[in-house]
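What follows is a short report on a single structure.
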Amino acid sequence: MSKPSPEVIRDAVRERYASAALAVQDSSCCADVGAGLGFGSELYHDDQAGDLPAGAVAASLGCGNPTMLATLKPGQVVLDLGSGGGIDVLLSARRVGPTGKVYGLDMTPEMLELARQNQAEAGVENVEFLLGTIEDIPLPDQSVDVIISNCVINLSADKDQVLREAHRVLRPGGLFAVSDVVLRRPISPRLQGLMALWTGCIAGALVDVDYEAKLKAAGFHGIEIQPTLIHDRVAIERLAQNMEIPEDIDLTSALDEMDGAVANAFVRAWR
């Protein structure tokens, strides 16, 4: 099974996250959409997210908490790649304060609409949400101090371009600090070709050593990749229950192959 084209991957990812945004907006109580779709649970403590809009928390589909990874300071400019419902943008806005600014970049109009609603509800002014892709960031060169992201870079079909763009917009000495899914060993081309595993943040994940190599090639240094949660067979099977796996796939073999190969990780590097 061949890898889907970049256009097919992007359309499928956009459709998945549009559906998630609409599910939050349609819910009378903002049920936790991320509970069955994302790679992490209880990623944000109540003392962090307890007073954020329910829609921002419910729409979190991440695999970590990048705002804990990046030591943000007042006055900094921050960019969140694939900002979704805006939870990491709003948390970052608190930490950079009124003299700083946080951009949230997302390619899904429905997510941007939800994020702007959450921004208005939270009464946060030092935030701007942008429509665009992480492969073509709509910001000038060297205009950002810190880049964060939460389980998004794995969804891109052109990670080299994403990392080049991240390097371009960061100022000298800037920090790249993201949560992402990584692989501890390669998975078979057959599994890499499954769209359900692409939109489920597995098929597009980089092997950790490849992630490091691509960051170096883009110009980054001081690279750290720290697994925070390794998914065993039981965890992968639970995730697979929310994916449309084709009937011709031997699920038992697929689960055996992915057992221990998939991990949440913090990825940090400097420009």
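The values are calculated or read from the model by the stated rules, or taken from the named source; none is laboratory data. Bear in mind the structure is a predicted one, so any value in this text is a computation, not a measurement. In this analysis, Cβ positions are derived from the backbone assuming ideal geometry, glycine residues included, and neighbour counts consider all displayed protein chains.
Residues that are over 19 Å from K3 (Cα atoms), at least 1 per element: which helices (runs of 4 or more DSSP H) completely within the stretch 185-268 meet that?
Details: elements: 189-192, 195-199, 208-218, 233-240, 251-258.
Passing ranges, in order: 208-218, 233-240, 251-258.
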Task: Evaluation of M111 against (1) assigned to a strand (DSSP E or B); (2) in contact (Cβ under 8 Å) with a residue 40 or more places away in the chain (one fails), failing number - done: (1)
- [ ] Look at A269 and say whether it is at negative phi, surrounded by 20 or more Cβ atoms within 10 Å (Cβ to Cβ) and at pLDDT 95 or above.
- [x] yes
Open item on the list: Any residue in the stretch 128-139 that is modelled with pLDDT of 95 or more sitting within a Cβ distance under 8 Å of a residue that is basic (K, R)? List the pairs, counting only those 6 or more apart or interchain.
Closed with: E128/K101; F129/R116; T133/R10; I137/R168
Task: Residue among L139, L105 that alone is crowded, with 23+ Cβ neighbours inside 10 Å and either farther than 24 Å from T228 by Cα or within 15 Å of the chain's Cα centre (by Cα) (or both) - done: L105
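Filtering the stretch 142-164 down to residues that are over 17 Å from V13 (Cβ atoms) and buried (at least 20 other Cβ atoms within 10 Å of the Cβ), which residue is nearest to the chain's Cα centre (by Cα)? Let's see the steps before the verdict.
Keep residues of the stretch 142-164 that are over 17 Å from V13 (Cβ atoms), which gives 142-148, 160, 163-164.
Filter once more, so that each one left must be buried (at least 20 other Cβ atoms within 10 Å of the Cβ): 144-148, 163.
Values: V144: 18, D145: 19, V146: 15, I147: 12, I148: 9, L163: 14 Å.
Looking at residues that are over 17 Å from V13 (Cβ atoms) and buried (at least 20 other Cβ atoms within 10 Å of the Cβ), I get I148.
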Open item on the list: So for the stretch 172-183 (the condition being closer than 22 Å to G104 by Cα, modelled with pLDDT of 95 or more, in a helix (DSSP H, G or I) and not hydrophobic (A, V, I, L, M, F, W, C)), does at least one residue qualify?
Closed with: no
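Give the residues of the stretch 184-210 that are within 17 Å of the chain's Cα centre (by Cα) and either crowded, with 23+ Cβ neighbours inside 10 Å or among the small types (G, A, S) (or both), sorted by residue number. Outline the logic, then answer.
If we filter the stretch 184-210 for residues that are within 17 Å of the chain's Cα centre (by Cα), which is where we start, we get 196-208.
A196, L197, W198, G200, C201, I202, A203, G204, A205, listed by residue number.
For the condition closer than 18 Å to C201 by Cα, polar (S, T, N, Q) and either at pLDDT 55 or above or part of a loop (DSSP other than H, G, I, E, B) (or both), what is the one hit in S92, S28, S83?
On the way: S92 fails: closer than 18 Å to C201 by Cα; S28 fails: closer than 18 Å to C201 by Cα.
Exactly one of S92, S28, S83 is closer than 18 Å to C201 by Cα, polar (S, T, N, Q) and either at pLDDT 55 or above or part of a loop (DSSP other than H, G, I, E, B) (or both), namely S83.
Could you list all residues from the stretch 167-183 that are of a type in the set (G, A, S) and buried (at least 19 other Cβ atoms within 10 Å of the Cβ)? Talk me through it step by step, then tell me what you get.
Step one: filter the stretch 167-183 for residues of a type in the set (G, A, S), giving 173-174, 177, 179.
Of everything in the stretch 167-183, those that are of a type in the set (G, A, S) and buried (at least 19 other Cβ atoms within 10 Å of the Cβ) turn out to be G174, A177, S179.
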